[in-house]
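The next block holds one structure in the form of structure tokens; read it before the comments.
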2 protein chains.
Amino acid sequence: MDTPISTLPAGFAEALADIVGPQGLRGGEAVGLIHPGQHEDNLAAGLVVSPGSTDETARVVRACLQAGVPIVSHGGRTGLVGGGISRGGQIVLSTARMNRILRLDPVERVAVVEAGVTLEALQEAAAAHGLEPGIDIPARGSATIGGMISTNAGGLLAFRNGVMRHQVFGMEAVVADGTVLSDLTRVVKTSAGYDVKHLLIGAEGTLGVVTAASIKLYPKPAASATALFSMPDVSALLDTIRLALEPQAGELRAAEAMWNSYIRFTADEHGWSDPAVPLDAPLYLLLSLGGRDEDALKGAFEALFETVAERYPDITGLIASSSRQEAELWRLREDTEAVFRRYPGSPAFDVSLPQSEIAAYVARIEAELKAIDPQFEPYIFGHLADGNIHLLLNRAGPLDAGLVARVEDVLYRTLKASGGCFSAEHGIGAKRIDPLYATGDAGKLRLMETIKATLDPQGLFNPGKVLRGRIPS
Amino acid sequence: MDTPISTLPAGFAEALADIVGPQGLRGGEAVGLIHPGQHEDNLAAGLVVSPGSTDETARVVRACLQAGVPIVSHGGRTGLVGGGISRGGQIVLSTARMNRILRLDPVERVAVVEAGVTLEALQEAAAAHGLEPGIDIPARGSATIGGMISTNAGGLLAFRNGVMRHQVFGMEAVVADGTVLSDLTRVVKTSAGYDVKHLLIGAEGTLGVVTAASIKLYPKPAASATALFSMPDVSALLDTIRLALEPQAGELRAAEAMWNSYIRFTADEHGWSDPAVPLDAPLYLLLSLGGRDEDALKGAFEALFETVAERYPDITGLIASSSRQEAELWRLREDTEAVFRRYPGSPAFDVSLPQSEIAAYVARIEAELKAIDPQFEPYIFGHLADGNIHLLLNRAGPLDAGLVARVEDVLYRTLKASGGCFSAEHGIGAKRIDPLYATGDAGKLRLMETIKATLDPQGLFNPGKVLRGRIPS
């Protein structure tokens, strides 16, 4: 095995500075001032290059290809699977300076943005026209559009609008073989040859760098309402989601499930309680409706509650009466950081499975996790309308590798056979490569390796991520 | 240049019969009994092989790879760009015998189907559970799911649900390099490495054969209503679509525009007229709403008409009062065959552009087509909510090649710069290769060629389609 190069070639940083200018290059102590994001080794390369345009990006990439220097692309550094980890001898290519919204047309309902624009910035710009992107994730303040494309982000609205892949009409990118892809189409309908941009969506920087994209926008409802229902079981919860999907005063915008242990944890963390919804039920469902009129939406929630209560008389429910109360309910679901504060380095799991399989899956894994360790009490929550379940363990990390393998076996073993996926929205990064090879379709893995070898024969793009590393020939 | 082989190797047909059985192979006179579909040369290969499973398909593909025999895959043969044309020395690989719906679960709202299932068969099976696929095209009775995936079909619902690409959760396929991809995931959220199935979506059989897919289903509204409004101009029409998209009693399910010359043509063909909507306006908009209650939908149309009429007082409108009248209105839009009956072989064009660009585009091309020939009166219609315009010429084909080039220049020249696409939903096939190279992004073309050369180095999958042929090395 060859030893990784731990330093850059002499004069390389200076050559990059010539391309991006002094404001585009940070090394040495200046790197220490940048927040490393979700993994402490994200900035270990020690050199952060921030091109100001696609053209500058292409020149940086060409310089790296020529010198054999690996490139780790960074967006908001909010990834949870170590996709942004770098080391000496590599460069971090940050999209931070490509942060302009190039076009936002309310008639065509498409935004053309540079890769470094945060989701929140796009949400704010779109809201000024009564529009919104069709995707939303809790990390909206830091996650960038380029990073969300590279990880094929999912989030709260995927059950309705699909995932990030489905929002991207056009893309500009520098592909690993040096090709500049410039296809900023602003229409949903293109049937004009291979849609190569989909190779880069979800490739986590291993096939190139996304520099800009055109993104579909949707009408943003003028009013919203939020409710929390307790639920006796998964079947009742899915039933309620189906009822909430039927046309009514508003459209369903979120259907987030929280198992008892999770909601008790975050409620305790924030001192939340409400007599209307005691925390003694097996499951909770946080629902959001959007529409034209807030009172009509609350009326729709009342009608929904009555219908559901006829079927499941023991449920309880609460409709938020103020935006403060709405935010409090959302914090119960979104403050996953609370778990990490109590159990630092606790492993996070992110699976998806068809709705028909959820109840049996959760029952099985709870039993099997207890069999591994009776103290395990997993925190389970997620986007149940699209079958995406998140699971955290009540154990500080890093866990022993053997234990991780046993837990992963419990969580992942049945997913492919039941039509699900072991990585719903977090990606593979550095941390999920073994499960990908253990559970992925052999044909898909072979095609992935063929494509990687074709487009990045030197293995310079985000090495050690997504695919098993090979010694470059 | 090498001469194409015009006959199959000795014993090859027999070897295929051993794989697919006698019921899976048709040659000689039996081929003459099969309808050739939209192009008379589709079955010119003279041998149609119909595997009964993915495994049989893989064995047929391996036999062809070994013998160097080209494969032209066929679904319903409804493609409009010559993507199914075959010739001697090739085989036609038909998915006709892979026509089973393998799974359709109303809880998870996903159907798993073999590639040869027609859209209509899937629509009927889904309707039994109050569901529907999220895509609809006039050729629903013959178009297959495999063919719609291979051409990335668009159709009537794309403005709401996206195109075929956005409906495909999982795929089984035999890729051109012989790899069997078996990834029939039934969830929308997968962020597990390169989503290689997207390479085959829209590749028109040049990168492999799709054999099965899991397809997203949607709740099917219990009631529908249809209306026809006359419109003074494109801007008013887009305004009306925006108003119709706002939440109301029902959801907008179709917004089809017809320019005056087109609706007069099909109305004349079918002897249609209605005093409520005289055919003297520049434009017509056919709208469909879906919801729970037909009367409420008609009420929504009345309210919409009043709102629009306040802004544009000269409009006229008609709400269909029976399903017969609904069908008559739809026939005005969908019977494009009427044009081809009068002008056989007339060229068809299929472009998409952002809504903000439509009015200027149509004005320009009408003027420039008249400048080429004052007798040109294009028939223009399309799915205006997603910017997809179809255009037919009042001229029997085939046109002189020089004239085609001038017309294509008029229609395609500005599309890339304005964020549109010269092939919205019909694909490239054999007929749109020159425009693809003339207007496509150089980087995209280069990546397409790299991928084709990697996965199909012998050039055996649908040769002469999508990409420019090269002499195999």
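The values are calculated or read from the model by the stated rules, or taken from the named source; none is laboratory data. In this text, all values refer to a predicted model and were calculated from it rather than measured experimentally. No Cβ is skipped: glycine too gets one built from the backbone with ideal geometry, and neighbour counts run over all protein chains shown. Note: accessible area is taken over every heavy atom of the protein model, side chains too, but ligands, DNA and RNA are not part of it. Shrake-Rupley method; radii C 1.70, N 1.55, O 1.52, S 1.80 Å.
Helix A:358-372 axis versus longest C-alpha principal axis of chain A: approximately 70°, rounded to the nearest ten.
Projected label points at residue B:30 and residue A:34, each 7 Å from Cα along the beta carbon direction, are separated by 6.5 nanometres.
Site pair residue A:458 and residue A:235 shows an inter-label distance of 6.0 nm when each label is modelled 7 Å from Cα along Cα→Cβ.
Here the Kirkwood formula, the inverse mean of 1/r across different C-alpha pairs, assigns segment A:12-96 a hydrodynamic radius of 12.7 Å. Okay, which of segment A:317-345 sit inside 14 Å, backbone N to the point 7 Å along the Cα-Cβ direction of residue A:375? Only A:343-344 fall inside the zone, counting backbone N under 14 Å. Under 5 Å from the amide H of residue A:83 lie the amide H atoms of A:430, each residue being 5 or more positions distant or on a separate chain, with H modelled from the backbone and absent for Pro and chain starts. Taking Cα atoms only, the orientation of helix A:234-245 departs from the longest principal axis of chain A by about 80 degrees.
Rounded to the nearest 100 Å², what's the accessible area chains A and B bury against each other, both chains counted, probe 1.4 Å?
Details: alone 20570 and 20590 Å², together 34370 Å².
The buried area between A and B, both sides summed, comes to about 6800 Å².
Distance between the pseudo-spin-label points of residue A:331 and residue A:66 (7 Å out from Cα toward the beta carbon): 5.4 nm.
Summing charges over all other residues whose Cβ lies under 13 Å from the Cβ of residue B:454, with Lys and Arg as +1 and Asp and Glu as -1, gives -2. For chain A, the longest principal axis of the C-alpha atoms and the axis of helix A:442-455 are separated by about 40°. For chain A, the relative contact order works out to 15 percent when only alpha carbon pairs closer than 8 Å and six or more residues apart are counted.
Can you give the average number of partner chain beta-carbon atoms within 10 Å of each beta-carbon in peptide B:167-179, as a whole number?
The mean count of partner-chain Cβ atoms within 10 Å per residue comes to 3.
Averaging the sequence gap over all C-alpha pairs within less than 8 Å and six or more residues apart, then dividing by the number of residues, gives segment B:223-335 a relative contact order of 45 percent. Inter-copy label distances for residue A:120: 5.4 nm (label point placed 7 Å from Cα along Cα→Cβ; shortest first). Dividing the convex hull volume of the alpha-carbon atoms in segment A:309-355 by its residue count gives 146 Å³ per residue. A simple rule links phi to the HN-Hα coupling: the Karplus curve 6.51 cos²θ - 1.76 cosθ + 1.60 with θ = phi - 60°, which for segment A:310-317 gives 5, 7, 10, x, 8, 5, 10, x Hz, with x for Gly and Pro. The listed peptides A:459-469, B:165-175, ordered by packing as a protection proxy, come out as B:165-175, A:459-469 (highest mean of other Cβ atoms within 10 Å first).
Taking other residues whose beta carbon is less than 13 angstrom from the beta carbon of residue A:213, and scoring Lys, Arg as +1 and Asp, Glu as -1, yields +3. For chain A, the number of Lys pairs separated by eight or more positions or lying on different chains, with C-alpha atoms closer than 28 Å, is 25. Sorting the segments A:274-282, B:224-232, B:352-360 by their mean number of nearby beta carbons within 10 angstrom, highest to lowest, gives B:224-232, B:352-360, A:274-282. Residue of chain A with the Cβ closest to the rotation axis carrying A onto B, and that distance rounded to whole Å: A:198, 2.
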